[in-house]
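For reference, the structure discussed in these notes is given below.
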Amino acid sequence: MDFGFSEEQEMLRQSARGLLEKECPSAAVRRLMEDERGYDPELWRKMAGLGWTGLVIPEAYGGAGLSYVDLILVLEEMGRVILPSPFIWTAMVAESIKRSANETQKQALLPKIAAGELIATVAWMEPSGLWGIDGIAMPAHQTGDGFTLDGVKLFVNDAHISDYLLVAARTGGTGVTLFAIETARAGIAVSPLKTMDATRKLSEVRFEGVKASAADVVGAIGDGWKTLAEILDRGKVMIAAEMMGGAQKVLEVTVEYAKVRAQFGRPIGSFQAVQHKCANMMIDVEGAKSAVYYAAWAVSNDVAEASLAAALCKAAASDASRRVSADGIQVHGGIGFTWDHDMHLYFKRAKSSEFTFGDATYNRELVAQGLNL
């Protein structure tokens, strides 16, 4: 693997930073927190126009055909500005279609996702709160040549604005099957949930007698967990990259504040206690970034340890992002706790991201299991 970024990748990073710093300042984030949609459709169109929504979609379906190493550079920049967006979940659905769908489904969905014309999300978690396959209990009963879905999915990101849901359900009692279903289909009800992090909109999605045909099945019947596990790995890498972008921004803002905030007649950055805290923040950021970059390379190349790398990077990013954002508030002192300061926005995003796709303890357990420890 190459441990450096190419000139083209650095240009992609700078292009993303330029757009997002201009179009998504903290004032825009706060506005979107109050907007029931939770994202900016105009900015979404601009992102699509730059090819971001199709970065890892093959060129044959309108995408750029790039790797997750390229994608995480954009996601880091999204994390820096706390971008409210359905980007990660839509990318996960695109990955599932790319990996497991038939050609008809690929032709119908991937070009629209690449063009930014279709928003999608993944509905897999249920009231049990379990992150693994054991948490999927909602049945899809076979009825004639189709299926009937009944049950509840919780904590579904951006379901209220999504055109499609990738739904995981039990078929035949044991197997998990994936269905790509329009959110507007009869029997589907989406209810917003109140959450700590208002930059992410979560919903409860109820399925009451929802009809699905064989054409809605993604991949083989009963074999959906394999695909779902693969896209969850990629979701972990994407959200970890976003977390590292936010942590890097918190570090930069905190160090700058420590240089100018004076106490006892001198900048607080001159005190050893503050210096140690900032140094620890940097160690957290750089260490987790290394894990994220390796995991992005691993999933891009489908190496044998890709799943372990994804779990490890999510664990590292969860711990680092939480600690860095909390330490940033501590260095800022009282002002960091106030609603008017942006530091609490980064802390809340770090906490919500920490539990998305499983917290650090859960993902470390996956690593331990994978290593037979």
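Values computed for the structure shown
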read-out	value
Aspartates and glutamates with Cα under 20 Å of Lys226, excluding same-chain neighbours fewer than 8 positions away	Glu95, Glu103, Glu126, Asp134, Asp216, Asp302, Glu305, Glu365
Contour excess over end-to-end distance, with Cα ends at Glu21 and Glu7 and 0.36 nm allotted per residue	2.9 nm
Nearest 10 degrees, 0 to 90: helix 360-370 Cα axis against the chain principal axis	60
Rounded to 10°, Cα long-axis angle of helix 68-80 versus longest principal axis of the chain	60
Which listed pairs, of Lys153/Lys194; Lys201/Lys351; Lys194/Lys351; Lys22/Lys351, have C-alpha distances above 19 Å, in listed order	Lys22/Lys351
Residues listed by number, segment 356-373, amide nitrogen under 16 Å from Met196 label point at 7 Å toward C-beta	356-362
Of the GluC sites (Glu not before Pro) in segment 9-42, those whose Cβ has at most 13 other Cβ within 10 Å and which sit in DSSP loop	Glu36
Spacing of the two label points (7 Å from each Cα toward its C-beta) at Gln330 and Glu42, in nm	4.2
Hz values of 3J(HN,Hα) by residue in segment 265-282 - Karplus curve (6.51, -1.76, 1.60), Gly and Pro given as x	x, 8, x, 5, x, 7, 7, 4, 4, 5, 4, 4, 5, 5, 5, 5, 4, 5
Under 22 Å from Lys259, Cα to Cα: lysines that are on another chain or at least 8 residues apart	Lys249, Lys277
In order through segment 53-59: 3J(HN,Hα) via Karplus (6.51 cos²θ - 1.76 cosθ + 1.60), integer Hz, x for Gly, Pro	5, x, 4, 9, 8, x, 4
The chain, relative contact order [Cα under 8 Å, separation at least 6], %	15
Label-point separation, Lys211 to Ile283 (7 Å along Cα→Cβ), nm	6.2
Within segment 141-224, trypsin sites (Lys or Arg not before Pro) in DSSP loop having at most 16 other beta-carbon neighbours inside 10 Å	Arg185, Lys194
Spin-label proximity, Ser128 to segment 210-236 - amide N less than 18 Å from point 7 Å beyond Cα toward beta carbon	222-230, 232
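No value in this document is a laboratory result; all are computed from the given coordinates. Keep in mind that what you see is a predicted model, and the values were worked out from it rather than measured. Ideal geometry is used to build each Cβ from the backbone, glycine not excepted, and the neighbour counts take in all protein chains shown.
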